[in-house]
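What follows is a single structure, written as structure tokens, with notes after it.
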Amino acid sequence: MSPLPKWYKPVAIVALLWNLMGVAAYLADVTMSPEAIAQLDAAQRAMYEARPMWFVAAYAIAVWLGTAGSLGLVLRKRWAGGVLLGSLLGLIVQDVALFTRPEFTAAGAAVIALQGSVLVIAVLLVLLARKANAQGWLS
């Protein structure tokens, strides 16, 4: 077991804050009023209205498990890796729709770039949890 590096705790805290922003975005999304939906531009409204229930469920799984897993990293818990993997799987399910359905791809490059960065960060968090577990930083 190696000693905990100085960068670990700040990275784990940033990961938790990142995922809490995801929870805030999810809650804002699923509680959007009909008036707010009506104010979206045509492409955004089409995307919002075309989402199947499984897409919203995958979104929920991704953000809630990502937050729980990041909290596990902060608390240095071994279960964090499995929870973060579950979050990544939820994100991949969500991305299948986002990257393949025409009403989603029409939303533009910014949406695709943001979601791509979310995917990269989710993969990095799973890798961090694996490294932390292998190094004995988690209990």
So which residues in segment 95-108 are of a type in the set (Gly, Ala, Ser) and either closer than 20 Å to MET53 by Cα or at pLDDT 75 or above (or both)? ALA97, ALA106, ALA107
Residues that are polar (S, T, N, Q) and at pLDDT below 95, drawn from segment 2-30: SER2
Tell me, yes or no, whether segment 75-91 has at least one residue that is part of a helix (DSSP H, G or I), of a type in the set (Val, Ile, Thr) and either surrounded by fewer than 18 Cβ atoms within 10 Å (Cβ to Cβ) or in contact with a His (Cβ under 8 Å, 6 or more places away or on another chain) (or both). no
Go over the candidates LEU125, LEU119 one by one and state the one that is touching an Asp or Glu at 6+ places or on another chain (Cβ under 8 Å) and surrounded by 14 or more Cβ atoms within 10 Å (Cβ to Cβ). LEU119
Filter segment 1-40 down to residues that are of a type in the set (A, V, I, L, M) and touching a residue at least 60 places away in the same chain (Cβ under 8 Å) and give me whichever is farthest from ARG130 (Cα to Cα). ILE13
Those residues of segment 128-139 which are touching a residue at least 24 places away in the same chain (Cβ under 8 Å) and either surrounded by 12 or more Cβ atoms within 10 Å (Cβ to Cβ) or part of a helix (DSSP H, G or I) (or both) amount to LEU128, ALA129, ARG130, ALA132, ASN133, GLN135, GLY136, TRP137, LEU138
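The values are calculated or read from the model by the stated rules, or taken from the named source; none is laboratory data. Model, not experiment: these values are computed from the prediction. Every residue, glycine as well, gets a Cβ built from its backbone with ideal geometry; the counts of neighbours run over all protein chains shown.
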